[in-house]
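Encoded as structure tokens, the structure appears first; notes follow it.
The values are calculated or read from the model by the stated rules, or taken from the named source; none is laboratory data. Treat the numbers as computed from the prediction; the structure is a model and nothing was measured. Don't worry about glycine lacking a Cβ; one is built from the backbone with ideal geometry, like all the others, and counts go over all protein chains shown. Ligands, DNA and RNA are stripped out before the accessible areas are found, and what is left, the full protein with its side chains, is counted by its heavy atoms. Shrake-Rupley method; radii C 1.70, N 1.55, O 1.52, S 1.80 Å.
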Amino acid sequence: MASPVSICNSNALDTQISSTSRESLKMELLADVCLLPGEDRIIDKDIIYICPFNGAVKGKVLITNYRLHFKSSDPDVPVTLDVPLGAISRVEKMGGASSRGENSYGLDITCKDVRNLRFALKQEGHSRRDIFELLFRHAFPLSHGQPLFAYVTQEKYEENGWNVYKPIEEFRRQGLPNNKWRITFINKNYELCDTYPTVLAVPYKSKEEDLRRVAAFRSRGRIPVLSWIHRENQAVIVRCSQPLVGMSGKRNKDDERYLDLIREANETIKLTIYDARPNVNAVANKATGGGYEGDEYQNAELIFLDIQNIHVMRESLKKLKDIVYPNVEESHWLSSLESTHWLEHIKLVLSGAIQVADKVSSGNSVVVHCSDGWDRTAQLTSLAMLMLDSHYRTLRGFQVLIEKEWISFGHKFASRIGHGDKNHADQDRSPIFVQFIDCVWQMTKQFPTAFEFNERLLLTMLDQLYSCRFGTFLYNCESARDHHEVRSKTVSLWSLVNSKMDMYLNPFYTPESGRVLYPVASMRHLELWVNYYIRWNPRIRQQQQSPVEQRYKELLALRDEYLKKLEELQLSDSSPSSRLANSSTPNTSSTSSTPSQQYTHLHTPF
């Protein structure tokens, strides 16, 4: 029989072993977290994640200067979270020291990507104070005088994504300048308009003093400038902000003459002005000094597109979030989805862009604006250009479109997303860019062979919109990016994308250069983007890649493998020793053919 001392020692040893194994388990839980260059660990802590799908899950949380990472310690409930801190909109304390009930004390985290996260901690000894303060400081660095992670990361890529878009090169691709349109550098120091790019295309007959007088009559100085020109019929898409008509109905002869120059450039009989707003909103804007083009603009027709403002879109996405996360209520799904009006807004944006594209395709120039010309205007111009110009449907062309119409022309990413800012209730926040990407996704669903890029690119862009890992979507305009040295001190998202291009390519892509795409903008043809809005729900079976697409990729890989082997065989055939061996045998086949000529007849069976 063992002595009490040996039993006691054995128990102590068991306790020590179990304690050691627990510690090693904790280390193992977070050992596989792959940190980015420049990413530093801040704190790790035992915690309970209140998972909406699995209940309370014990595990460990790691917070770095870039992410929040949680991993469950129970192998039977494998739960992992990896959330960039930039995606966090709000951090709140849940319960107090005297709170009763299990797991009622901890943190409540609201994310910008449709998720909510709840963590519970032990109630004794202010156990959440350190993690709350550290999380709050690193999730909202700008509110605490700290740099965004994009300025800290040390990632390196072979290609510099900042070189993707060069304004002069893009204008040349479109056939500019010509005898109707010229390039001006009047805004080189952002003096004409501080939210516009430095390189602008304007009517050839306009003078620099004309542009300054027009700027005085347009909201924020955002004058009508060319975004895109049709190579054949020379019709143009021009973008701007609203005229400052005001309650008294002010007129500006310079502005009226300037729009007439745009009309004359391709001899359009009537210049069509698409005002993205509902009529009633445009009228109401007169009270704040804005307004719209009235009857005094001769040879012009005004069409309102009824797209709601940033506040309506923000509330619509909130309602959508409520019905998709954490649970999807199947029994009332269609009526619940309809009540959010999200797809209705998608329909109106797409419908407006179709009208713009159709008018330009038929040879008529158009002017597009909303209030300030950086939200709905960007949606309409970029979607219309995507329909009209197949170049923008390629992987690199799409990057140019984003850089040009959204980043360069001053969509207020910082205000709409709230990068590094703790003010979650800021009324400037709105999912305008998310809505645009949703519209692009709808188009890719209707035209599965027309786009060189795939859904993964769209998902990556929206994730990096929030992450603050890249400089691409930071700040409100080009002048602010210049001031903060974004191009020299941060990495472009396109550096990442173009270093892994195969991941973002659509295997079904078939180039068709002259084709104009007209998607069907009806509620019957629009779908909720499940792979984006409901991707956090493990009970929703995600179709990230269809079986057909998977099989097609396998066949393409097989074809590439065969072509490589064939090329190797042909190279070995043409080596000196093989030529010597074959010299005595007359070769009746054509030996002068290049490898590519010899195997172009090979096709992948499908």
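Here are the numbers:
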{"read-out": "Per-region count, the stretch 173-202, residues among the charged types (D, E, K, R) and without any contact (Cβ under 8 Å) to a residue 12 or more places away in the chain", "value": "2"}
{"read-out": "Test: residue in the stretch 297-308 that is among the acidic types (D, E) and surrounded by 18 or more Cβ atoms within 10 Å (Cβ to Cβ)", "value": "no"}
{"read-out": "Leading residue by the ranking (surrounded by the most Cβ atoms within 10 Å (Cβ to Cβ)) among those in the stretch 150-191 that are among the hydroxyl-bearing types (S, T, Y) and touching a Leu at 6+ places or on another chain (Cβ under 7 Å)", "value": "T153"}
{"read-out": "Subset of the stretch 496-520 [open to solvent by 50 Å² or more (accessible area, probe 1.4 Å) and more than 20 Å from the chain's Cα centre (by Cα)]", "value": "F508, Y509, T510, P511, E512, S513, G514, R515, Y518, V520"}
{"read-out": "Residue pairs meeting the criteria (Cβ under 7 Å; at least 6 apart or on separate chains; first farther than 18 Å from E102 by Cβ, in the stretch 115-130; second of a type in the set (F, W, Y) and surrounded by 17 or more Cβ atoms within 10 Å (Cβ to Cβ))", "value": "R115/Y325; R115/W536; N116/Y325"}
{"read-out": "Residues satisfying the stated conditions in the stretch 61-80, i.e. assigned to a strand (DSSP E or B) and buried (at least 19 other Cβ atoms within 10 Å of the Cβ)", "value": "V61, L62, I63, T64, R67, L68, H69, F70, K71, S72"}
{"read-out": "Complete set of residues in the stretch 481-495 that are crowded, with 20+ Cβ neighbours inside 10 Å and either aliphatic (A, V, I, L, M) or at positive phi (or both)", "value": "V486, V491, L493"}
{"read-out": "Positions within the stretch 319-345 being farther than 21 Å from W536 by Cβ and touching a residue at least 60 places away in the same chain (Cβ under 8 Å), in sequence order", "value": "E344, H345"}
{"read-out": "Odd one out for W162, checked against (1) in a helix (DSSP H, G or I); (2) touching a helix residue (DSSP H, G or I) at 6+ places or on another chain (Cβ under 6 Å); (3) free of Cβ contacts under 8 Å to residues at least 60 places away in the same chain; (4) closer than 20 Å to E405 by Cβ", "value": "(3)"}
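This table checks each residue for (1) part of a helix (DSSP H, G or I); (2) at pLDDT 95 or above; (3) within 19 Å of I262 (Cβ to Cβ); (4) of a type outside the set (G, A, S).
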{"residue": "H345", "(1), (2), (3), (4)": "yes, yes, no, yes"}
{"residue": "D358", "(1), (2), (3), (4)": "yes, yes, yes, yes"}
{"residue": "G363", "(1), (2), (3), (4)": "no, yes, yes, no"}
{"residue": "L383", "(1), (2), (3), (4)": "yes, yes, no, yes"}
{"residue": "V400", "(1), (2), (3), (4)": "yes, yes, no, yes"}
{"residue": "G410", "(1), (2), (3), (4)": "no, yes, no, no"}
{"residue": "A414", "(1), (2), (3), (4)": "yes, yes, no, no"}
{"residue": "D428", "(1), (2), (3), (4)": "no, yes, no, yes"}
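Condition check ((1) farther than 17 Å from I50 by Cβ; (2) open to solvent by 20 Å² or more (accessible area, probe 1.4 Å)) across all residues:
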{"position": "G86", "(1), (2)": "yes, no"}
{"position": "N103", "(1), (2)": "no, yes"}
{"position": "D108", "(1), (2)": "no, yes"}
{"position": "P141", "(1), (2)": "yes, no"}
{"position": "Q146", "(1), (2)": "yes, yes"}
